[in-house]
Amino acid sequence: MRIGIIGAGHIGGTLARQFVRIGHDVVISNSRGPETLRELVAEVGGGARAVTAEEAVAFGQVVVVAIPYGRYRELPTGGLEGKVVVDTCNYYPERDGNDPELDSGVVTSSERIRDHLGDADLVKAFNAIFWENLRDRGRPKGDPDRLGIPLSGADEEAKAVVAGLIRDMGFDPVDAGFLRQGGRKHQPGTKVYGVELSADEIAALLRVADRTHPDTAARGGQTPAKPSRVPAP
């Protein structure tokens, strides 16, 4: 696939390396301009190119957003119709400034980004794993040390695309449910954020979260989805 990455920090740069390694065409952008990414793209190799954020959107069948949440309003809003957008962002009040609606749980950071972007099929993923583990902990299928990565979103086809990327990188995807209901369960401060656990262990913790907070789905007008490992196609 063609994958455009917006953000060249730890997560964006690590995902660029991983996507190239498993055979995808990658472009990457940041807020300072393509000329500042020469060293990174040389390290990533595999034909990766540095571009502008707008060019990353135009290029990618999948577009990864890997920027500080507080800067999401800087994201391009055109050209995303029908594309899969992967939201890796987390809301940290001490960095991004306090948002009463996010603090109270009325809305999630992923919903804010989705609403800003318009018609994109947004999937929240890669936000709950430390970048060092994303870089170093990929394992073959069946390895007992293979880690799980939670994801959430409304569009099943979009989630399947992201689940495939997770699987190809050496991890097991765990479907946490819809964007609002599921996203709340793998954001900072939850029991699955930053953990080094298998997919089955993460799915079990997500089921506990459903029982502990049964109203999370109701607030979003959605039916809870049972957390589960995403079956391979």
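Here the 3J(HN,Hα) profile of region 114-120, calculated from phi with Karplus coefficients 6.51, -1.76 and 1.60 at θ = phi - 60°, is 4, 5, 5, 7, x, 8, 6 Hz, Gly and Pro shown as x. Counting 0.36 nm for each residue step from residue 10 to residue 193 and taking away their Cα separation leaves a gain of 64.2 nm.
Applying 1/(1 + (r/R0)^6) with r as the Cβ-Cβ distance of residue 133 and residue 54 and R0 = 41 angstrom yields a FRET efficiency of 0.85.
In a fully extended conformation the segment linking residue 36 and residue 168 would gain 44.6 nm over its present Cα-Cα distance, using 0.36 nm per residue. Projecting the alpha carbon convex hull of the chain along each direction and taking the average yields 11.7 nm². Computed from the alpha carbon positions, the gyration tensor of region 146-213 leads to an equivalent ellipsoid with semi-axes of 18, 15, 9 Å, biggest first. One decimal place: the segment residue 61-residue 104 gains 12.1 nm when fully extended, by the rule 0.36 nm per residue minus the C-alpha distance.
Residue 92 contributes an accessible area of around 60 Å² to the protein surface, as traced by a 1.4 Å probe with all chains present. Taken one residue at a time, the phi angles of region 161-169 give Karplus couplings (6.51, -1.76, 1.60, θ = phi - 60°) of 4, 5, 4, x, 5, 4, 5, 5, 7 Hz. Gly and Pro are set to x.
List the GluC sites (Glu not before Pro) in region 74-178 that DSSP assigns to loop (not H, G, I, E or B) and whose Cβ has at most 11 other Cβ atoms within 10 Å. Which are they? Filter output for region 74-178: 81.
So what is the calculated 222 nm ellipticity per residue for the chain, using -39500 (n - 2.57) for each DSSP H run with n of 4 or more, over all residues, to the nearest 500 deg cm²/dmol?
Numbers: 11 runs with 86 residues, N = 233.
So the calculated ellipticity at 222 nm is -10000 deg cm²/dmol.
Give the range of the longest stretch in the chain that excludes all trypsin sites (Lys or Arg not before Pro) found in loop regions by DSSP and having at most 11 other beta-carbon atoms within 10 Å.
Working: sites that count: 32, 141.
Free of exposed loop sites, the longest segment is 33-140.
The values are calculated or read from the model by the stated rules, or taken from the named source; none is laboratory data. Just so you know, these numbers come straight off a predicted model, no measurement behind them. All Cβ positions, even for glycine, are placed from backbone atoms using ideal geometry, and neighbour counts span all protein chains on display. Remember, those area values only see protein heavy atoms, side chains included, never the ligands or the DNA or RNA. Shrake-Rupley method; radii C 1.70, N 1.55, O 1.52, S 1.80 Å.
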